[in-house]
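S.K.: Mind having a look at this structure? Questions to follow.
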Amino acid sequence: MTRFSAVAVSDMAEGTVRIYSPNSHPPWTKIGGNFKSPKGIAVDSSGRMLVAEYASGEVHVFHIDRNYRIHGVKKVSGLQGPQYICSMPDGGFAVSEECGDVKLFTSNFKFSGSLSERYNHEFGNPAGICSDPEGNILVADAQSRSIILFPPSGSPICIVSQGLSKPMGITCSPFGLLYVADSGDNCVKVYKYRAKPFYAPTSPRRSGEAPS
C-alpha cells in the first residue's frame with residue numbers, strides 16, 4: 001500500500017510496476033523507472049517505494065507523487081537474486097536472496113549485516129519477509145516449509161513448522177496474525193503468532209484488553 005492508499009504491484013514477467021487505485025480512470029497505472037525484473041515490493045514509513053530487481057541484484061528506492069511520477073531514485077546493488085523486501089520500524093529495510101540469506105540495510109541504504117551471521121542461522125531458500133512493530137523479522141523459508149521469527153535479541157524461533165507446502169509472501173498484522181501465501185496449495189493461510197495485539201505507546205488502548 002502506498003501512502004495515498006493505492007496498491008503497488010510488481011510484474012516480473014513484463015518488467016513493470018503498476019499502481020492500482022479504484023478511484024482512478026483507468027484504475028491501473030504503469031509507473032516509470034528502469035525496471036527489468038521487479039519482484040519484491042514494499043513501502044517504508046516515509047512513503048518511499050522499495051523494489052527488488054531480481055536479475056540485476058539491486059533494490060530501487062524512490063518516492064512517487066499523487067500522479068505516480070517517480071522522484072529521487074537511489075539504488076542499492078551487490079545482491080544475489082533479491083526476492084522479497086520489507087521495511088523495518090527503524091526506517092531501514094530487509095531483503096531476502098534466493099537460496100541465500102536475508103540482508104539488512106539502514107535508512108541511509110548502508111549494509112548493516114545479515115540474519116545468518118547475526119543469528120548463526122542457515123537458510124534453505126528465504127522467500128517472503130516481513131517485520132512487526134516490535135522489531136521482529138519473520139522469514140518464510142520455502143525449502144524447509146517453515147516460518148522463522150528473528151527477535152531483536154535472543155535466538156530465532158520457528159513459529160510454523162507444519163502445514164505449509166511452499167510458503168512465499170508473508171505479512172503480519174498488529175493483532176498478532178500472520179498471513180502466509182502458500183503457492184504450493186494456492187491459498188493464503190492465517191496463523192496467530194502473538195498472544196496480545198500491539199498498540200503504539202501513545203495509543204489510548206495501550207493498557208486495554210485485547211479485542212475478541
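The values are calculated or read from the model by the stated rules, or taken from the named source; none is laboratory data. Owing to the predicted nature of the structure, the values given are computational and were not obtained by experimental measurement. Cβ: placed from backbone, ideal geometry, glycine included. Neighbour counts: every protein chain shown. Ligands, DNA and RNA are stripped out before the accessible areas are found, and what is left, the full protein with its side chains, is counted by its heavy atoms. Shrake-Rupley method; radii C 1.70, N 1.55, O 1.52, S 1.80 Å.
S.K.: If you average the sequence gap of Cα pairs under 8 Å that are 6 or more apart and divide by the length of the stretch 1-60, what percent do you get for the contact order?
M.R.: 26 percent
S.K.: Find how much the distance from residue 9 to residue 158 grows on full extension, using 0.36 nm per residue of separation minus their present alpha carbon separation; answer in nm with one decimal.
M.R.: That works out to 50.7 nm of additional length.
S.K.: Right, something else. Given N residues in the stretch 114-176, what is its alpha carbon radius of gyration divided by 2.2 N^0.38 Å?
M.R.: 1.04
S.K.: Please give the calculated 222 nm ellipticity per residue for the chain, where each DSSP H segment of at least 4 residues contributes -39500 (n - 2.57) and the sum is spread over every residue; nearest 500 deg cm²/dmol?
M.R.: Details: 1 runs with 5 residues, N = 212.
Value at 222 nm, helices only: -500 deg cm²/dmol.
S.K.: What accessible surface, in Å², does a 1.4 Å probe find on residue 12, ignoring ligands, DNA and RNA and rounding to the nearest 10?
M.R.: Ignoring ligands and nucleic acids, residue 12 comes out at about 80 Å².
S.K.: Next question, about the same structure. Taking each pair of distinct Cα atoms in the stretch 75-152 once, what is the resulting Kirkwood hydrodynamic radius in Å?
M.R.: Final number for the Kirkwood radius of the stretch 75-152 is 12.3 Å.
S.K.: May I ask for the percentage of alpha-carbon pairs in the stretch 32-113 that lie more than 17 Å from each other?
M.R.: For the stretch 32-113, the fraction of Cα-Cα distances above 17 Å is 38 percent.
S.K.: Which loop trypsin sites (Lys or Arg not before Pro) in the stretch 1-98, with loop taken from DSSP, have no more than 11 other Cβ atoms within 10 angstrom of their Cβ?
M.R.: Numbers: sites: 3, 18, 30, 36, 39, 48, 66, 69, 74, 75; in loops: 3, 36, 48, 66, 69.
Loop-located and lightly packed - 66, 69.
S.K.: Return the tail of the calculated pair distribution for the chain, meaning the percent of Cα-Cα pairs more than 21 Å apart. Before the final figure, lay out the partial values.
M.R.: Working: 12277 of 22366 pairs.
For the chain, the fraction of Cα-Cα distances above 21 Å is 55 percent.
S.K.: On to the next question. From Cα coordinates alone, what are the radius of gyration and Dmax values for the stretch 83-205 in angstrom?
M.R.: Reported Rg and Dmax, both Å: 14.0, 43.
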